[in-house]
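Written out below as structure tokens is the structure these notes cover.
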Amino acid sequence: MVSNEQEIERHTIAVLVANEAGVLARVIGLFSGRGYNIESLTVAETDTTESLSRITIVTSGTKMIVEQIKNQLRRLVPVYKVADLTTDGPHVSRELALVKVAGAGEKRVESLRIADIFRANVIDSTNESFVFEVVGATEKVDAFIKLMEPLGLVDVSRTGVAAIARGANPL
């Protein structure tokens, strides 16, 4: 039997950093240098006045490993704030994927039916293919891609998870 301390959990971590050269490399170096995996990574400037960027990282590990990750992130300069959205309270997260499907006949019609069910948008269409835009939780995006595989999945481009805490407080 595996104790709760040793159970592998998936965590979404938001990191507020100075928007300057080399910061992302230091954050990624922290993960790679210690053998931690990054399942998803997004980064963008979020405050032009203060020149701040937000990095959202999805990673997996035991409670102890996730705590180590957060503590090591807090020690990096110039990291201003680290929040574990998974444990700090309710949050919302979304991912966007562009999914290219090629096919003809019934497979083409079926891909459109599935896209409709998933509320995916057709953003490009040729006689041989579609490019769908699907937005939602990672599990929804995964399910859509899996259903498109037998219908002629050609290519996938994913943004990674964007997440934010619910409520009025900032990161």
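Its DSSP H runs of at least 4 residues, each contributing -39,500 (n - 2.57), put the calculated 222 nm mean residue ellipticity of the chain at -10000 deg cm²/dmol, to the nearest 500.
Please work out the FRET efficiency for the pair Asp142 and Ser51, using the Cβ-Cβ distance as r and a Förster radius of 30 Å; give the result to the nearest 0.05. The partial results should precede the final answer.
Working: r = 35 Å, r/R0 = 1.17.
Here the calculated transfer efficiency is 0.30.
On a 0 to 90 degree scale, rounded to 10, what angle separates helix 106-117 from the longest Cα axis of the chain? Orientation of helix 106-117: about 40 degrees from the principal axis.
If you bin all the Cα-Cα distances of region 52-121 at 10 Å, starting from zero, the percentages per bin are 14, 32, 19, 18, 15, 2.
Which whole-number percent of Cα pairs in the chain have a distance greater than 28 Å?
Working: 5359 of 14535 pairs.
The share of Cα pairs beyond 28 Å in the chain comes to 37 percent.
Taking the longest Cα principal axis of the chain as reference, the axis of helix 63-75 is set at about 70 degrees.
Based on the mean of other beta carbon atoms within 10 Å per residue, what is the order of 149-157, 111-119, most packed first? Spell out each step's value before the answer.
Values: 149-157: 13.9, 111-119: 15.7.
The peptides rank, most packed first, as 111-119, 149-157.
Calculated FRET efficiency, Met64 to Thr126, Cβ-Cβ distance, R0 = 45 Å: about 0.35 to the nearest 0.05.
Want the number for Arg113 to Thr159: 0.36 nm per residue separation, take away the alpha-carbon distance, what's left? Please list the in-between numbers first.
Details: separation 46, 0.36 × 46 = 16.56 nm, distance 2.39 nm.
Answer, rounded to one decimal: 14.2 nm.
The smallest convex shape that holds all Cα atoms of region 1-81, its convex hull, gives 80 Å³ per residue. The order of the peptides 41-54, 72-85 by mean Cβ neighbours within 10 Å, most packed first, is 72-85, 41-54. When the accessible area of the chain is computed with all protein chains present and a 1.4 Å probe, what percentage of it is carbon and sulfur? After summing per-atom areas, the C and S share lands at 52 percent.
Rolling a 1.4 angstrom probe over the protein heavy atoms with all chains in place gives the chain an accessible area of 58 Å² per residue.
Helix 138-152 and the longest principal axis of the Cα set of the chain meet at an angle near 30°.
The values are calculated or read from the model by the stated rules, or taken from the named source; none is laboratory data. The structure presented is a predicted model; accordingly, all values stated were derived computationally and were not measured. In this analysis, Cβ positions are derived from the backbone assuming ideal geometry, glycine residues included, and neighbour counts consider all displayed protein chains. For accessibility, only protein heavy atoms count, side chains too; no ligands or nucleic acids. Shrake-Rupley method; radii C 1.70, N 1.55, O 1.52, S 1.80 Å.
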